[in-house]
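Peer 1: Pasting a structure below so you can have a look.
The values are calculated or read from the model by the stated rules, or taken from the named source; none is laboratory data. On a predicted model such as this, the values are computed, not experimentally measured, just so you know. Glycine gets a Cβ as well: all are built from the backbone with ideal geometry, and neighbour counts include every protein chain shown. These accessible areas exclude ligands, DNA and RNA; they are computed on the full protein's heavy atoms, side chains included. Shrake-Rupley method; radii C 1.70, N 1.55, O 1.52, S 1.80 Å.
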Amino acid sequence: MENLKQEKMAVMPIRKLMLSMGIPMILSMVLQAVYNIVDSVFVSNMPENGEAALNALTLAFPAQMLMVAVGIGTGVGVNVLVAKSLGQGDRERAGNAAGNGIFMAIMICIAFLLFGMFGVRAYISSQTDNGLIKEMAAEYLQICCMLSFGIVFFSIYEKLLQSTGHSICSTIAQISGAAVNMILDPIMIYGLLGCPAMGVRGAAYATVIGQIVSFGVALLLHLRVNKVISNRLCYLKPSLQMIRLIYAIGLPAIIAQALMSVMTYGLNIILGSISESMVTAYGLFYKIQQFLLFAAFGMRDAIMPITAFNFGMGSKRRVDEAMKYGMVFTLVIMLAGTLALELFAEPFSVMFGLSGETHRLCVSAMRIISLSFVFAGANVVFQGIFQALDGGAESLVISLCRQLLFIFPLTLLFAHYAKVNLEYTWTVWIAFPITEILSVIISIILFQRIYRNKIASAFRNNNQEAD
């Protein structure tokens with residue numbers, strides 16, 4: 001009990017704790033977005049076929065997101081279980097959760113290795129008939145899938161560090177990999193310092209090497225600072241019960257992230273029916289907006305362990321404060337991001353060498369879709385709260401609303417109008433703000449229910465027992 005009182009998760013003021021954990025997590029997630037956008041910056045400025053290469057990376061991107069989704073979702077389940085177990089003083093259960101998370105990471109890597117060997121070309125061919133783009137995308141994605149162990153294992157160890165309040169360590173690991181990626185990109189893409197020019201293959205190799213570096217640094221830091229989590233080999237033995245618990249929490253997070261892949265894949269097909277410029281413009285905008293979305297994900301990753309730990313400890317006041325400050329800080333970030341894109345849409349587009357119709361469409365996407373950021377941030381926070389309180393079903397409902405049930409019908413409707421009136425192709429982007437506004441209304445309704453049924457009810461029962 002004395003050790004519990006000394007835990008900063010239990011005693012540090014929530015506002016200070018949220019900032020001390022949230023800022024490193026935000027930096028870590030934003031740097032993860034760097035992996036997705038740095039490649040695009042360099043390949044778009046290749047001397048030959050730059051825009052085709054950018055389009056190829058756009059088509060490969062949904063599968064890359066799926067890798068991240070499975071890794072992060074598994075890590076989220078481990079994160080919440082470890083944090084809650086430590087809050088309850090059960091170190092044995094925390095070690096078991098960590099070991100089973102590592103076991104599942106091995107299984108995930110094997111699955112993506114097989115997809116890289118046998119499924120990539122069929123996946124790319126379903127989105128385009130352009131031979132050059134198809135070949136570039138397949139080369140890039142095969143390398144990323146077959147060497148996926150870096151990003152998958154980093155996702156697990158990142159969440160283990162965050163679950164014990166060592167978020168600065170996960171940020172150090174992320175920075176290490178991002179720096180390596182940025183250094184290697186121009187060298188391997190353009191052929192500098194004696195390295196052969198490899199084009200999109202160079203971009204893929206730079207990405208996976210950076211991910212492996214992040215994993216290595218995270219593993220070393222975990223072994224050094226996470227003394228509260230046991231790393232005994234016996235915990236690697238799979239436990240069906242523990243795996244079920246991990247995915248009861250993590251599966252909604254996996255589905256939420258995977259739905260981003262499904263959404264991007266589906267939108268590539270819908271927008272491609274209008275023009276290739278629409279696909280390129282949206283793909284580039286999506287990677288730019290990830291800096292904001294991933295910042296919201298970083299704050300969500302601070303909200304989850306803080307809320308879960310204090311809920312397990314039995315402090316309603318700290319749970320309420322965690323949710324309040326998490327929401328306020330996230331909305332401030334998203335509002336700042338909205339203003340930045342509204343003001344700097346033109347220079348952002350020019351940075352990627354876009355011109356003509358593609359440039360115009362990318363600028364309009366930034367200025368219209370960015371209006372949804374505040375609502376998107378609120379939805380992300382609500383999903384984090386739901387996951388921390390074992391409300392996986394509620395989190396899944398919001399993911400389905402945001403990334404499937406609302407966005408596809410609305411996009412198809414506006415795309416039909418755009419094909420009839422080509423000068424109004426920009427109207428397709430209106431589907432995004434409408435989707436987020438409708439989803440946040442549902443989030444509020446679900447939050448009121450889960451607060452009443454889980455938080456208010458649990459602490460009312462605790463007070464009665466105390467009496």
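Peer 1: Cross-link partners among aspartates and glutamates for Lys419, C-alpha distance below 17 Å, same-chain residues fewer than 8 apart left out?
Peer 2: Glu276, Glu357
Peer 1: How far, in nm, would the chain grow between Arg360 and Phe344 when pulled straight, counting 0.36 nm per residue and subtracting the alpha carbon separation?
Peer 2: This chain segment gains 4.4 nm when fully extended.
Peer 1: Now a separate question. Just to be sure I follow: if Rg is taken over the C-alpha atoms of region 241-301 and Rh is the Kirkwood radius over the same atoms, what is Rg/Rh?
Peer 2: Value, to two decimals: 1.14.
Peer 1: Given Asn181, Phe352, Phe329, which one lies farthest toward the positive end of the charge dipole of the chain, if we put +1 on the Cβ of every Lys and Arg and -1 on the Cβ of every Asp and Glu?
Peer 2: Most positive-ward Cα: Phe329.
Peer 1: Return the inverse of the average 1/r over all pairs of distinct C-alpha atoms in region 273-425, which is the Kirkwood hydrodynamic radius, in Å to one decimal.
Peer 2: Roughly 17.1 Å, rounded to one decimal.
Peer 1: Right, another one. Determine, at each q value in 0.13 (inverse angstroms), the log₁₀ of I(q)/I(0) that the Debye formula gives when each Cα of region 218-321 is one equal point scatterer.
Peer 2: With no solvent term, the Cα-only Debye profile gives -0.81.
Peer 1: Moving on. Over region 287-370, give the accessible area per residue in Å² for a 1.4 Å probe, as an integer.
Peer 2: With all protein chains present, region 287-370 gives 34 Å² per residue.
Peer 1: Return the subset of Lys159/Lys316; Lys237/Lys316; Lys227/Lys316; Lys237/Lys287; Lys287/Lys454; Lys159/Lys287 for which the Cα-Cα distance in this structure is over 32 Å, preserving the input order.
Peer 2: In this structure, Lys237/Lys316; Lys237/Lys287; Lys287/Lys454 exceed 32 Å between Cα atoms.
Peer 1: Just the Cα atoms of the chain, one point each, no solvent: what log10 I(q)/I(0) does Debye give at q = 0.07, 0.09, 0.13, 0.14 Å⁻¹?
Peer 2: -0.34, -0.57, -1.18, -1.36
Peer 1: Per 5 Å bin from zero, what fraction in whole % of the C-alpha pairs of region 343-467 is there, up to the bin with the longest pair?
Peer 2: 2, 10, 15, 15, 13, 13, 10, 7, 5, 3, 2, 2, 1, 1, 0
Peer 1: Now, a different point. Using the alpha-carbon centroid of each, what span in Å lies between region 138-152 and region 193-230?
Peer 2: Taking the Cα centre of region 193-230 as reference, the centre of region 138-152 is 13 Å away.
Peer 1: Calculate, for region 1-121, the solvent-accessible area per residue in square angstrom, rolling a 1.4 angstrom probe over the heavy atoms of the protein chains.
Peer 2: On a per-residue basis, 36 Å².
Peer 1: If you don't mind, another one. For Asp90 and His416, what is the calculated FRET efficiency with R₀ set at 56 Å and r taken between the beta-carbons, to the nearest 0.05?
Peer 2: Rounded to the nearest 0.05, the efficiency is 0.50.
Peer 1: Test of the criteria: in region 26-131, which GluC sites (Glu not before Pro) are in a DSSP loop and have at most 10 other Cβ atoms within 10 angstrom of their Cβ?
Peer 2: Glu48
Peer 1: Calculate for the chain the 222 nm mean residue ellipticity that helices alone would give, adding -39,500 (n - 2.57) per DSSP H run of length 4 or more and normalising by residue count, nearest 500 deg cm²/dmol.
Peer 2: About -28500 deg cm²/dmol.
Peer 1: Can you list, largest first and rounded to whole Å, the semi-axes you get for region 368-409 by taking the square root of 5 times each eigenvalue of its Cα gyration tensor?
Peer 2: Equivalent ellipsoid of region 368-409: 20, 14, 4 Å, largest first.
Peer 1: Evaluate the Debye formula for region 46-145 with equal point scatterers sitting on the alpha carbons, no solvent, and hand back log10 of I(q)/I(0) at q = 0.13, 0.15, 0.18, 0.21 Å⁻¹, in q order, two decimals.
Peer 2: -0.58, -0.67, -0.81, -0.97
Peer 1: Taking only the C-alpha atoms, wrap a convex hull around region 157-201 and report its volume per residue in Å³ as a whole number.
Peer 2: Roughly 68 Å³ of hull volume per residue.
Peer 1: Additional query: Per the 1.4 Å probe, what fraction of the accessible area of the chain, in percent, lies on carbon and sulfur atoms?
Peer 2: That share works out to 67 percent.
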